[in-house]
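Chemist: This structure is in structure tokens; I'll ask about it shortly.
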Amino acid sequence: MVTKKMARSDRGREGLNWSFLAAGLLLLMAFALPQKRRIKVWLVGDSTMADKEVKAYPETGWGMPFETFFDSTVVVDNRARNGRSTKSFIAEGLWAGVLDGLQDGDYVLIQFGHNDEGKEKLGRYTTPEEFKANLTRYVTETRNKKAFPVLITPVARRTFDSSGQIKESHPVYADAVREVAAQAKVPLIDLDEKSKALLQQFGPVNSKWLFNYLDPGEHPNYPDGHKDDTHFDELGARKMAEIVLAEIKALHLELAGHIRPPLPVKK
């Protein structure tokens, strides 16, 4: 004889089974539905942009803090390397590695010049004409992959004249980037001009706080101290990354919509 209590128990088990079945179906559907691919931002350039080994700290490339400013829909792949020029980045197969992974809708931020202009740097030096040809190649091959190139002028060095005015670091190569950007109709971030303005704002003395300047005994990686007017410390790298982010917004790139909003200031 089936009691009311037994019937209720059977209906309860049936309801429970259906709940598990529905949950299972929802889980399968979640895996079956295509996941939206994250936007990848590739950083291509030299030591001023590159990730650093622990032994180099506090030296910091601006690409290191840059990746922390985006939401979860963006992944930053920093392929910049110390000492590379437009020529050596191609010759060593680093650019081929980027192209192999480049997909429709990705962004490629390209910043060279520091090593291209050094005539003493064998294997890296490029004439201004070669420099422009290499940049054009980067742009063309990026577009062939249906990705978006962004050209960046080389960031300024910390060099002031006797009157305390910031000096031009690499006018020929910065102008070359501007020319290629104009000719190829590529978004341009003029980091050369923007970083010079920042250094001028800080001045000849305080601008040292943006670079890898250390007194003897201040850091175990540089026991004898260090003076570097090219490479940044953590503060300088963050400031340069903030300039690039502000320019991405000013250019109205679609990527700008994925930059994290600033955290509210606690009162």
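The values are calculated or read from the model by the stated rules, or taken from the named source; none is laboratory data. Worth saying up front: this structure is predicted, and the values here are computed from it rather than measured. Because the Cβ atoms are built from the backbone with ideal geometry, glycine has one as well, and the counts that use them run over all protein chains shown.
Chemist: Go through segment 39-72 and give me each residue that's closer than 18 Å to Val150 by Cβ and surrounded by fewer than 17 Cβ atoms within 10 Å (Cβ to Cβ).
Modeler: Of everything in segment 39-72, just one residue is closer than 18 Å to Val150 by Cβ and surrounded by fewer than 17 Cβ atoms within 10 Å (Cβ to Cβ), namely Glu67.
Chemist: For residues that are basic (Lys, Arg), out of contact with any strand residue (DSSP E or B) (no Cβ under 8 Å at 6 or more places or on another chain) and part of a helix (DSSP H, G or I), tally how many sit in segment 132-169. Step through it out loud before you land on a result.
Modeler: Within segment 132-169, the subset basic (Lys, Arg) is 132, 137, 143, 145-146, 157-158, 167.
With out of contact with any strand residue (DSSP E or B) (no Cβ under 8 Å at 6 or more places or on another chain) added as a condition, the list becomes 132, 137, 145-146, 157.
With the extra rule that they be part of a helix (DSSP H, G or I), the set shrinks to 132, 137.
Matching residues across segment 132-169 total 2.
Chemist: Here's another thing I want to ask about it. Regarding segment 225-236, can at least one residue be identified that is crowded, with 20+ Cβ neighbours inside 10 Å, of a type outside the set (Ser, Thr, Tyr) and outside any loop (DSSP other than H, G, I, E, B)?
Modeler: There is at least one residue in segment 225-236 that is crowded, with 20+ Cβ neighbours inside 10 Å, of a type outside the set (Ser, Thr, Tyr) and outside any loop (DSSP other than H, G, I, E, B).
Chemist: A further question follows. Do we have Glu179 as over 21 Å from the mean Cα position of the chain (by Cα) and either within 16 Å of Ala197 (Cβ to Cβ) or outside any helix (DSSP H, G or I) (or both) here? Break it down into steps so the answer makes sense when it comes.
Modeler: Values: over 21 Å from the mean Cα position of the chain (by Cα): yes; either within 16 Å of Ala197 (Cβ to Cβ) or outside any helix (DSSP H, G or I) (or both): no.
No, not satisfied.
Chemist: A further question follows. Among the listed residues Val186, Val172, which satisfies the condition of being under 23 Å from the mean Cα position of the chain (by Cα) and either modelled with pLDDT of 95 or more or in a helix (DSSP H, G or I) (or both)?
Modeler: Matching residue, one of Val186, Val172: Val186.
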